[in-house]
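> To start, I am sharing the structure in question, which I have written as C-alpha cells.
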Amino acid sequence: MRCLACLAAVIPTGAWAGVVFDIPAPGYQLPDIFSGTNCPASGLARAEGTQLREVEIYLKQGTKLIKAASWSHVNGPGVVPQRGFAVRFASTEFENDDEVKIYMRAKDSNDVWTTSQEVGRNVQNEGLLYEITQFALQSGIIAADIALEAAKHDTSEYHYADGWTKALFLSKLQTMGTAIHLGSHGQTDGDIQADDGSWMSTSEFLAKRSAAVGNGVPPMNIGLLDDCNVGLSQTPEALLYPSNPPPVDRAIVSFNVEVSAELSMWYANAFWSALQSKQTVAKAVDDLIEAYNANGDFEGADALEKSEVRIAGDEKTRLIGVYWPGPIATQAMRDAVVRKEAEW
C-alpha cells in the first residue's frame, strides 16, 4: 500500500515544491497484521523542488507515540532529496486488537514541516492456555498467563482443569492463537491428551494450524509444550506452521524425555518469567532447566539435561522487547522496543 501526502510551497520561479511520502517504502512489505516482536515498518520521504532537512517516522496507537527513527541536517539548507527508514518493532508493546498506525514527518529547506497520512494495521497477539485437571496442583499455566498478560496478549482462552475437550482445543487452534502453553500427557509420536481423555495427533495439529494461517491468522510465535516426549516428534513444527524455511522470531519449546509434572510449577514459572523479563527463548530454557534440577532433588526426579529440551524454531525469539538477530549486548538493547534495520 502506498501513502502519499504533499504540501506545496510557492518559490520564486513559480514551480511547485513539497515532500511526498511512500509508506511502506518501495521494495518493502507491510503485513496484514502486526504480531510478535519482529514487525516491519518502513517509509520514504521524497523532496520535489526542495531539499530535506529533517525526517522522522512514528508508530502510534491511541495516545501512545514512539519515534521509531529520525534523521536531521541541522546546519544550513537540506542536502538530500530523499530519506528512508526500515525498522522492526515489538507489537507486544501495543494493545491487542487495536490498530498501530505508521506515519512520517519531514522538514524541507524552507523549514516547512509536512506530515504524511497514517497507514495502520491491527495488532493480534493471543494466548491458547490449556492444562489438564490432573496437573491442577502442579500447574505451570498460571505463570504463562501472567507473562502473556504482561506482553499484552488476549488470555481469555484459558482452560485450567475445567474438563476441556479435544474438539474445543482443535477448534480454537484453527481460528486463533499466537502463543501457547499446553500442559498434559504426551507421547513419542507427538500425541497429546485433552482433558476429556482423548488424544490429539500431530496431523490434526498441522491441519488446524495450516488452515488458520491460510485464513489470515498469524502463525504461532512462542510456546511451551509441557508434555512428556513430544519433542521427539514433529508436533512442535506442526504447531509452529509454517516451519520451513526455519522461522525467525518464532519458537516452541518441548521435552524429549519424560518430565516430572510435580515440578511444573517451578520450571514453567522459570521459563515464562524469563520471557516476561525480556529474555530470549534460549535463556528461558536455561532457566527452566536450572529450576527443574534445583527442585528435582526434593521430588526425586532425574536431572534434566539441555539435550532433553528442544527448541523448534529460533532460539533468539522474544516475548517482550524487539527481536535482535544477533547477541543482545547491552541493557539498552534488551529494553528496546524498536530497532533500525536500514536507512538510506
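> With 173, 206, 224 as the choices, which residue is in contact with a helix residue (DSSP H, G or I) (Cβ under 9 Å, 6 or more places away or on another chain), in a helix (DSSP H, G or I) and within 27 Å of residue 273 (Cβ to Cβ)?
On the way: 206 fails: within 27 Å of residue 273 (Cβ to Cβ); 224 fails: in a helix (DSSP H, G or I).
Just one listed residue meets the conditions, 173.
> Looking at (1) of a type outside the set (A, V, I, L, M, F, W, C); (2) at pLDDT below 95; (3) within 30 Å of residue 320 (Cβ to Cβ), which is the one condition that is false for residue 73?
Going through the list (1) of a type outside the set (A, V, I, L, M, F, W, C); (2) at pLDDT below 95; (3) within 30 Å of residue 320 (Cβ to Cβ), residue 73 breaks only (3).
> Hey, another quick one. When the residues of region 328-344 are filtered to those that are without any contact (Cβ under 8 Å) to a residue 40 or more places away in the chain and either assigned to a loop (DSSP other than H, G, I, E, B) or of a type in the set (S, T, N, Q) (or both), which remaining residue is nearest to residue 222 (Cα to Cα)? Working first, answer last.
If we filter region 328-344 for residues that are without any contact (Cβ under 8 Å) to a residue 40 or more places away in the chain, which is where we start, we get 329-333, 336.
If we keep only those that are either assigned to a loop (DSSP other than H, G, I, E, B) or of a type in the set (S, T, N, Q) (or both) too, we end up with 329-331, 336.
Working: 329: 22, 330: 23, 331: 22, 336: 19 Å.
In this case the residue turns out to be 336.
> Picking from 155, 92, 114, which residue would you name as being of a type outside the set (A, V, I, L, M), within 30 Å of residue 196 (Cβ to Cβ), at pLDDT 95 or above and in contact with a Leu (Cβ under 7 Å, 6 or more places away or on another chain)? I'd like the intermediate steps shown before the answer.
Values: 92 fails: within 30 Å of residue 196 (Cβ to Cβ); 114 fails: within 30 Å of residue 196 (Cβ to Cβ).
Of 155, 92, 114, the one residue that is of a type outside the set (A, V, I, L, M), within 30 Å of residue 196 (Cβ to Cβ), at pLDDT 95 or above and in contact with a Leu (Cβ under 7 Å, 6 or more places away or on another chain) is 155.
The rows are residues; the columns are (1) surrounded by fewer than 23 Cβ atoms within 10 Å (Cβ to Cβ); (2) of a type in the set (D, E, K, R); (3) in the same structural domain as residue 157 (by TED's automatic domain parsing); (4) on the phi > 0 side of the Ramachandran plot.
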| position | (1), (2), (3), (4) |
| --- | --- |
| 73 | yes, no, no, no |
| 80 | yes, no, no, no |
| 99 | yes, yes, no, no |
| 108 | no, yes, no, no |
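> Here is a further query. I'm trying to understand the selection: among the residues of region 282-327, which are loosely packed, with under 14 Cβ neighbours inside 10 Å, aliphatic (A, V, I, L, M) and not in a helix (DSSP H, G or I)?
Scanning region 282-327 gives a single hit, 303.
> Evaluate the following for residue 65: is it out of contact with any helix residue (DSSP H, G or I) (no Cβ under 7 Å at 6 or more places or on another chain) and without any contact (Cβ under 8 Å) to a residue 12 or more places away in the chain? Full working, then the answer.
Values: out of contact with any helix residue (DSSP H, G or I) (no Cβ under 7 Å at 6 or more places or on another chain): yes; without any contact (Cβ under 8 Å) to a residue 12 or more places away in the chain: yes.
It is true that residue 65 is out of contact with any helix residue (DSSP H, G or I) (no Cβ under 7 Å at 6 or more places or on another chain) and without any contact (Cβ under 8 Å) to a residue 12 or more places away in the chain.
> Related question: Among the residues of region 261-293, write down those that are of a type in the set (Asp, Glu) and touching an Asp or Glu at 6+ places or on another chain (Cβ under 8 Å).
Residues of region 261-293 that are of a type in the set (Asp, Glu), as a first pass: 262, 286-287, 290.
Hit for region 261-293 is 262, nothing else.
> Suppose we filter 48, 56 for residues that are over 30 Å from residue 281 (Cβ atoms) and modelled with pLDDT under 95; which single one remains?
Working: 56 fails: modelled with pLDDT under 95.
After ruling out the rest, the residue left standing is 48.
> What single numbered condition from (1) in a loop (DSSP other than H, G, I, E, B); (2) at negative phi fails to hold for residue 231?
Single failed check for residue 231: (1).
Residue-wise test of (1) assigned by TED's automatic domain parsing to the domain that holds residue 181; (2) surrounded by fewer than 20 Cβ atoms within 10 Å (Cβ to Cβ); (3) in contact with a Cys (Cβ under 8 Å, 6 or more places away or on another chain); (4) at pLDDT 95 or above.
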site	(1), (2), (3), (4)
199	yes, yes, no, yes
205	yes, no, no, yes
209	yes, no, no, yes
221	yes, no, no, yes
236	yes, no, no, yes
243	yes, no, no, no
255	yes, no, yes, yes
268	yes, no, no, yes
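Here is a yes/no grid of residues against (1) outside the structural domain of residue 218 (by TED's automatic domain parsing); (2) surrounded by fewer than 22 Cβ atoms within 10 Å (Cβ to Cβ); (3) closer than 30 Å to residue 41 by Cβ; (4) without any contact (Cβ under 8 Å) to a residue 40 or more places away in the chain:
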position	(1), (2), (3), (4)
132	no, no, no, no
143	no, no, no, no
147	no, no, yes, no
150	no, yes, yes, no
153	no, no, yes, no
159	no, yes, no, yes
164	no, yes, no, yes
176	no, yes, yes, no
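> Report yes if residue 124 is loosely packed, with under 15 Cβ neighbours inside 10 Å and either within 26 Å of the chain's Cα centre (by Cα) or among the polar types (S, T, N, Q) (or both), otherwise no. Reasoning before the result, please.
Numbers: loosely packed, with under 15 Cβ neighbours inside 10 Å: no; either within 26 Å of the chain's Cα centre (by Cα) or among the polar types (S, T, N, Q) (or both): yes.
Criteria not met by residue 124.
> Follow-up. Would you mention how many residues in region 176-201 are in a loop (DSSP other than H, G, I, E, B) and either under 17 Å from residue 228 (Cβ atoms) or of a type outside the set (A, V, I, L, M) (or both)? Walk me through how you get there before you give the answer.
Here is the first cut: in region 176-201, the residues in a loop (DSSP other than H, G, I, E, B) are 176-178, 184-185, 187-191, 194-198, 201.
After this cut, where a residue has to be either under 17 Å from residue 228 (Cβ atoms) or of a type outside the set (A, V, I, L, M) (or both) as well, the list is 177-178, 184-185, 187-191, 194-198, 201.
Number of matching residues: 15.
> Name the residue that is nearest to the chain's Cα centre (by Cα), counting only residues in region 82-97 that are surrounded by fewer than 21 Cβ atoms within 10 Å (Cβ to Cβ) and more than 19 Å from residue 38 (Cβ to Cβ).
97
> Among (1) more than 23 Å from the chain's Cα centre (by Cα); (2) of a type outside the set (Asp, Glu); (3) at pLDDT 95 or above, which single condition is residue 217 missing?
(1)
The values are calculated or read from the model by the stated rules, or taken from the named source; none is laboratory data. Note that this is a predicted model, so its numbers are computed, not measured. Virtual Cβ from ideal backbone geometry, glycine too; neighbours counted across all protein chains shown.
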